[in-house]
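**Q** Quick one: the structure is below, and I'll ask about it shortly.
What follows draws every value from the coordinates through simple rules; no lab data is involved. Computed from a predicted model, the values in this text were never measured in an experiment. Every residue, glycine as well, gets a Cβ built from its backbone with ideal geometry; the counts of neighbours run over all protein chains shown.
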Amino acid sequence: KRIKNAEFVISNTDYRKSPETDLPEYAFIGRSNVGKSSLINMLTDRKNLAKTSSKPGKTQLINHFLMDEKWYLVDLPGYGYAKVSKKTNEGWGKMISDYLKNRENLVCIFVLIDSRLPPQKADVEFLDFIGKNGLPLSLIFTKADKQSNNKTQQNIAVFKKKMLNTWEEFPPYFVSSAEKQTGKEEILGIIDQMNTA
Ligand code: GDP
């Protein structure tokens, strides 16, 4: 699977200024530094479509990209960056939550989780928000090249156990590595399926 034409459309702080469209839309979000830009660049075969930044928490916008004129990929700001003031974080919180709760063509939210780490508070809180609002969710465990497959599976099992304390079921999930270019087929595959569903 390949995206032939990935095109930046617009960046906003207000979801109501997002493109007017009936095309399906998929949002990508996670803690700052989780590997979101790298994943988006892998999915689109582009080196620098989403800007990888050394400054965590830099992207503070809702970024719309159009894929093959068929669907929108939305790059959302990273959350949970400790050094950003609480007030700023809440500002993003509202921007993001307004978008997620109200964007009508939003088909699925891909939440990126660092596959190396035990469950992080910021992730658990964000997933609580998704759960409480009944929003459609898939998980992507990133940076899988950083440890053995066994360790990745162990970490996913721990994450699953934690989530099942509050969730009835574990959402669909994917494992990716931008470094090794893995997970791309699976993620583009499910988007394809959802696009034609
Ligand atoms: P973002 O802040 O979520 O957009 O994260 P970036 O894509 O900018 O990545 C943050 C850091 O993690 C960078 O130093 C990347 O090179 C590194 N990184 C991202 N994805 C991977 C991966 O799959 N494997 C490894 N080993 N490093 C990664």
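**Q** Relative contact order for the chain using alpha-carbon pairs under 8 Å, separation at least 6, rounded to a whole percent?
**A** On the way: 328 pairs, mean separation 46.7, N = 197.
Result for the chain is 24 percent.
**Q** Take the Cα atoms of the chain, find their three principal axes, and give me the spread along each one in whole Å, biggest first.
**A** 42, 40, 35
**Q** Considering only Tyr15, Ser138, Val175, whose Cα is most displaced toward the positive end of the charge dipole of the chain, charges sitting on Cβ of Lys, Arg (+1) and Asp, Glu (-1)?
**A** Val175
**Q** Rounded to the nearest 500, what is the chain's calculated 222 nm mean residue ellipticity when only DSSP H runs of at least 4 contribute -39500 (n - 2.57) each, over all residues?
**A** Numbers: 5 runs with 66 residues, N = 197.
Theoretical 222 nm ellipticity from helices: -10500 deg cm²/dmol.
**Q** Hey, quick one: spin label on Lys70, modelled 7 Å out along Cα-Cβ, who in region 164-191 has an amide N within reach, i.e. under 18 Å?
**A** Under cut-off, by backbone N: 184-191.
**Q** Another one. Would you mind working out the magnitude of the charge dipole of region 6-196 relative to its Cα centre, with +1 at each Lys and Arg C-beta and -1 at each Asp and Glu C-beta, to the nearest 20 Debye? Intermediate results must be reported in sequence, preceding the final value.
**A** On the way: 27 positive and 23 negative charges, 225 e Å.
That gives a dipole near 1080 debye.
**Q** So for each of 63-71, 27-35 I average, over its residues, the number of other beta carbons within 10 Å; can you give me the resulting order with the highest mean first? Please report the intermediate quantities before stating the final value.
**A** Working: 63-71: 17.2, 27-35: 23.0.
Result, highest mean first: 27-35, 63-71.
**Q** Separate question: Report the paramagnetic label zone for Asp145: residues of region 21-48 whose backbone N is under 19 Å from a point 7 Å from Cα along the Cα-to-Cβ axis.
**A** Only 33-48 fall inside the zone, counting backbone N under 19 Å.
**Q** What does the charge dipole of region 132-197 about its Cα centre add up to, to the nearest 20 debye, if the Cβ of each Lys and Arg holds +1 and the Cβ of each Asp and Glu holds -1? Working shown, then result.
**A** On the way: 9 positive and 7 negative charges, 79 e Å.
So the dipole magnitude of region 132-197 works out to roughly 380 debye.
**Q** Further, regarding this structure: Say each of Gln181 and Lys160 gets a label point 7 Å from the Cα, pointing the same way as Cα to Cβ; how far apart are those two points in nm?
**A** Taking the simple label geometry, Gln181 and Lys160 are separated by 3.0 nm.
**Q** Here's another thing I want to ask about it. Could you list Asp75, Asp14, Asp45 in order of exposure, starting from the residue whose Cβ has the fewest other Cβ atoms within 10 Å?
**A** Values: Asp75 23, Asp14 10, Asp45 13.
So the ranking, lowest neighbour count to highest, is Asp14, Asp45, Asp75.
**Q** Counting DSSP beta bridges with both partners in the chain, what percentage is antiparallel, nearest 5?
**A** Numbers: 12 of 32 bridges.
Antiparallel: roughly 40 percent of the beta bridges in the chain.
**Q** Pull out the extension gain between Leu135 and Lys51, defined as 0.36 nm times the separation in residues minus the alpha carbon to alpha carbon distance; nm, one decimal. Don't skip to the answer; put the middle values down first.
**A** Details: separation 84, 0.36 × 84 = 30.24 nm, distance 2.66 nm.
Stretched fully, the Leu135-Lys51 segment lengthens by 27.6 nm.
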